[in-house]
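Each remark here refers to the structure printed beneath this line.
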Amino acid sequence: MEARKRESSVDDGAYQRLCDALTDAAFVLDVTDTDAIRIVAANVACDSLFGVPGPQSVNQLLATSLPPQAARRLAAECERCKAVGRPIEFRLEPQAGDQALFGITLNVIQEGPEVRRIAVMARRASASSGGDLDPSAEHFRVIAEHAADYISRCDREGRILYLNPAVERLTGSTFRSLIGKDVSEWPRHLPHVDRYRDCIRRVVETGQPQIIEMQFSDPASGQTVYHQVRYAPEWSPAGEVLSVIGVGRDITPLRAAEAELRKLNATLEERVAERTLDLERANADLRSFAWTVSHDLRAPLRAMRGCLDLLAEEEEERLSEDGRAILHRVLKAAAKLDGLTNAILQYSQAGQTTLTGERVDMEKIAREVAEDLVQKPAVMRIRIAPLPAACADATMVRQIFQNLIGNALKFSSARKHPEVEVGCREHEGEEVYYVRDNGVGFDVRYANRLYSMFQRLHTQDEFPGNGIGLAIVKRLVERHGGRVWAESRSGEGATFSFTLGAKSEGSGRP
């Protein structure tokens with residue numbers, strides 16, 4: 001606490017020396033407490049502003065150093081300066097009855113994230129120089145007359161001093177005849193007159209902007225319209241509210257959009273329930289289909305294959321050459337159909353099996369899968385780099401590696417020196433596992449087809465398979481919250497990469 005006081009004292013001393021070096025009236029305000037703004041530095045030139053030498057006003061409250069109206073105006077402008085964060089200028093009549101006008105410049109002194117000091121510069125100005133905009137000035141009139149928003153100006157008592165043409169366009173009423181009359185004399189089809197008067201009164205009393213919304217029937221269309229008006233004070237040089245400026249606009253489209261959004265939100269729960277029910281029905285159909293494939297379809301298929309195998313074993317020699325050819329064709333078709341039903345069942349089980357999250361030794365599983373799949377280690381070279389562990393389902397991870405490593409071995413088997421590499425890299429906070437081969441590769445333009453059931457980029461004669469393995473990989477990876485993608489060029493091998501969702505606390509090298 002003492003260190004903070006010493007630091008503040010040093011800063012205020014520096015401000016005092018800076019003020020003393022200036023010929024114009026200059027002082028620094030502590031605006032930390034908006035209800036008790038304090039003067040922390042001031043030069044002797046402030047005599048012309050305060051009526052007392054500047055050094056005597058140091059550490060005094062602003063409210064006791066200036067006449068009430070001037071202090072109130074200066075405090076309000078300090079709040080505005082803090083809000084906009086940039087220099088502002090205005091005119092001020094500092095002493096009651098004094099005809100002299102001063103041009104005041106406020107500038108923020110930034111001390112960390114909070115504005116605690118504001119520097120004030122004052123210079124005597126003529127009555128015609130600078131100052132607030134006069135609504136009767138030509139440049140203000142041009143701006144107001146062509147504005148899309150409607151602009152009004154009332155005096156402190158609520159008498160209408162100015163209305164721009166947009167008021168007529170937005171309300172369908174002629175207000176020219178109302179100039180000089182009280183707000184309460186507005187056309188009776190416009191409600192909320194009491195709210196207008198109350199809003200203007202609050203602006204005059206507090207010096208703070210006020211916002212109100214209005215709802216009424218449009219005379220032209222008969223439809224309900226919504227308008228929003230912001231009232232702000234116009235200050236006199238003496239520091240009192242001279243008049244009130246109102247700027248309004250039609251916000252009917254905004255309110256219509258909000259109503260539509262509320263309507264959509266009101267039906268969101270119902271629509272979510274409907275979609276959930278549809279999903280449950282689809283999953284039930286899939287389970288029923290899997291049951292049919294695994295029991296009702298596979299049982300007769302196995303019976304057929306058993307009969308065909310028995311026929312081939314006992315009667316093949318007595319068949320003609322054409323008969324034997326037909327028999328082998330049927331046997332091959334039955335074997336293919338059996339493989340497809342097994343694949344469909346595996347795909348279904350990939351989406352239905354309960355996922356268990358545990359710390360999985362990815363490297364150990366990859367090595368076990370490679371040992372099971374590599375038939376000729378001397379011919380097929382497979383390298384497995386150190387792999388970080390992951391929080392995943394071990395059974396599903398094993399199936400992912402079986403399909404990816406199996407594919408890599410199959411599509412690189414035609415090479416003279418086939419090679420497969422399993423590794424991992426980190427990318428944007430994710431562990432990216434990959435399986436790379438030097439096989440035949442594929443055209444990456446068709447990569448999305450790889451993950452659809454029964455979609456293949458090579459013929460059955462080139463590489464046997466049922467086109468289901470990568471579809472299963474995609475489904476298992478997505479159940480972990482991860483993603484899978486492929487990179488390749490025809491004849492240059494392929495790399496399949498996958499993630500298992502965000503890195504978990506259980507990850508790390510085993």
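General observations
- Inclusion of Asp132 among residues that are surrounded by fewer than 19 Cβ atoms within 10 Å (Cβ to Cβ) and at pLDDT 80 or above is not warranted.
- Failed criterion for Thr224 (all others in (1) modelled with pLDDT of 80 or more; (2) closer than 30 Å to Arg72 by Cβ; (3) among the polar types (S, T, N, Q) hold): (2)
Residues checked against (1) under 30 Å from the mean Cα position of the chain (by Cα); (2) of a type in the set (Asp, Glu); (3) modelled with pLDDT of 85 or more; (4) not in a helix (DSSP H, G or I):
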{"position": "Gly239", "(1), (2), (3), (4)": "no, no, no, yes"}
{"position": "Leu254", "(1), (2), (3), (4)": "yes, no, yes, no"}
{"position": "Asn265", "(1), (2), (3), (4)": "yes, no, no, no"}
{"position": "Arg271", "(1), (2), (3), (4)": "yes, no, no, no"}
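- Members of the stretch 156-179 that are modelled with pLDDT under 75 and in contact with a helix residue (DSSP H, G or I) (Cβ under 7 Å, 6 or more places away or on another chain): Thr174, Phe175, Leu178
- In the stretch 143-155, of all residues being touching a strand residue (DSSP E or B) at 6+ places or on another chain (Cβ under 9 Å), part of a loop (DSSP other than H, G, I, E, B) and at pLDDT below 85, the one that is surrounded by the most Cβ atoms within 10 Å (Cβ to Cβ) corresponds to Ala147.
- The set of residues in the stretch 46-73 being in contact (Cβ under 8 Å) with a residue 40 or more places away in the chain and of a type in the set (A, V, I, L, M, F, W, C) consists of Cys46, Leu49, Phe50, Val58, Ala70, Ala71.
- Boolean, Ser320 is modelled with pLDDT under 65 and more than 30 Å from Tyr433 (Cβ to Cβ): no
- The residues in the stretch 45-54 that are surrounded by 15 or more Cβ atoms within 10 Å (Cβ to Cβ) and over 20 Å from Val108 (Cα atoms) can be counted, and the count is 6.
- Contact map, the stretch 230-245: first residue at positive phi, second residue part of a loop (DSSP other than H, G, I, E, B), Cβ cut-off under 9 Å, separation 6 or more or different chains; pairs are Gly239/Leu66; Gly239/Pro67; Gly239/Glu93; Gly239/Pro94.
- So Gly85, is it of a type outside the set (Val, Ile, Thr) and buried (at least 20 other Cβ atoms within 10 Å of the Cβ): no
- For Ser8: the one exception among (1) within 49 Å of the chain's Cα centre (by Cα); (2) over 28 Å from Gln208 (Cβ atoms); (3) modelled with pLDDT of 80 or more: (3)
- All conditions in (1) loosely packed, with under 13 Cβ neighbours inside 10 Å; (2) outside any helix (DSSP H, G or I); (3) at pLDDT 85 or above hold for Arg188, with the sole exception of (3).
- Residue in the stretch 23-31 that is surrounded by 11 or more Cβ atoms within 10 Å (Cβ to Cβ), at pLDDT below 85 and not small (Gly, Ala, Ser) present: yes
- Across the stretch 47-86, the qualifying residues are those that are of a type in the set (Lys, Arg) and at pLDDT 80 or above, and the one among them that is nearest to Thr32 (Cα to Cα) is Lys82.
- Counting only helices (runs of 4 or more DSSP H) that sit completely within the stretch 32-83, those holding 1 or more residues that are among the aliphatic types (A, V, I, L, M), under 45 Å from the mean Cα position of the chain (by Cα) and within 26 Å of Val241 (Cβ to Cβ) correspond to 62-65.
- Matching residues in the stretch 87-110 - criterion: being assigned to a strand (DSSP E or B) and at pLDDT below 75: Leu101, Gln110
The values are calculated or read from the model by the stated rules, or taken from the named source; none is laboratory data. All values derive from a computational prediction rather than experimental measurement. Note that each Cβ is placed from the backbone with ideal geometry, even for glycine, and that neighbours are counted across all protein chains shown.
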